[in-house]
Every structure is written in structure tokens, then in C-alpha cells.
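Scroll down for the structure; my scribbles are underneath it.
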Amino acid sequence: MKQLVLLLSLCTMMAVQANAQRRGASASFGYETAVGLRVNPWLVGGTIKHFIKGPHAIEGLITTNVSNRRNVTFTGLYEYHIAPFPKPEFHLYFGGGAHLGIYDRRDYYNDDWNRHGDGTYVTPGLDGIVGIEYKFKKIPLVVSGDLKPYFNFTGGTHFVGEEIGGASVRYTF
């Protein structure tokens, strides 16, 4: 319980600090905020990314496993963007954050279901992220691909597996 309170406090402090920063369009990355969809063959979910200042961005994800629809994961990430390529439309980004997953015992963690029966459980965890992004010049669209390994503090800790990668399409404004 203490870990959960600490994790939620950390996320709250990051959100307050991000909101307190001066809001300005990140000219070098071509947009300030983007909203869209993140998918892979096993996951589908929503994503929102907002540049705080310069190359610093925060991203929020809400995802669910397609085959096990009785679960949802809320993820908050900090990302640092760099432009190492000659084309300014391409960016690399990396960072980390935390998540809170709400899972059905039978669908996600069968050992626990065998011991305790039906129900849900909540698990916090840590996430990392590394990816590449492309911002179209003439249309308000960003596409990206990333690897997002994670670790759950309780329950299944499947940090290398089907949910590790993803592709996102976001509308920018």
C-alpha cells in the first residue's frame, strides 16, 4: 500500500510540475499536443502527448488487451526527444514512467485465479520507452513506433512479451 501511495504521489507531482511550466509550442518538433490511437496485434488504446518545454514531453496511455477485454492499464510517461537525423521530421525519444493496471484474474494471472477465484486485482508498475516519430509537414499527423518494456510490482510481471511494442497515429494541434 505504501508503494501505491508513493507511486500516485510521484505521478501527481510530475503532473503539477508539468502544468506549472510555461506553455509554448515546441517549434523544433512541429506540434505542441497530439491525440490518437496506439496499437499492436494484442493491444489497442488511446494516447495523448504534450510537449512541456523544448524537447520534454509527457504522454498518457489508456490501453486494453484485445483478447482479454476485461482489463485496462493507465500509463503516464516522461519522454525526451532528440533530432539526430538530417530530416527534421524524424525524432528519437526515450524516457520512462509508471502504470496502474486493473486486470481480471482469470484472463491475466491464471495462478492467482486458481487460488482465489473470480475477481480483479490492481497492480502498479514501472515503464520504459524508446521510439522513433515522424511528423508530416503538410498534414496535422504524427506516426511513431516504440518499445515499451514494463514491470508489474504484483501479479504477472510479463515485461518482455506481446505488449512490449506498439505503433501510434496521432492528430496534432
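Values as computed for the structure displayed
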item	result
Nitroxide proxy distance, nm - points 7 Å out along Cα→Cβ at N68 and V130	2.7 nm
20 Å Cα-Cα reach of K49 towards lysines, excluding residues that sit fewer than 8 places from it in its own chain	K135, K137, K138, K148
Karplus 3J(HN,Hα) series, Hz, for segment 119-126 with 6.51 cos²θ - 1.76 cosθ + 1.60 (x for Gly, Pro)	x, 10, 9, 10, 9, x, x, 10
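Bear in mind that the values in this text are calculations on the coordinates, not laboratory data. This structure is a prediction, so every number in the text was calculated from the model and none was measured. Every residue, glycine among them, receives a Cβ derived from its backbone with ideal geometry; neighbour counts consider all protein chains shown.
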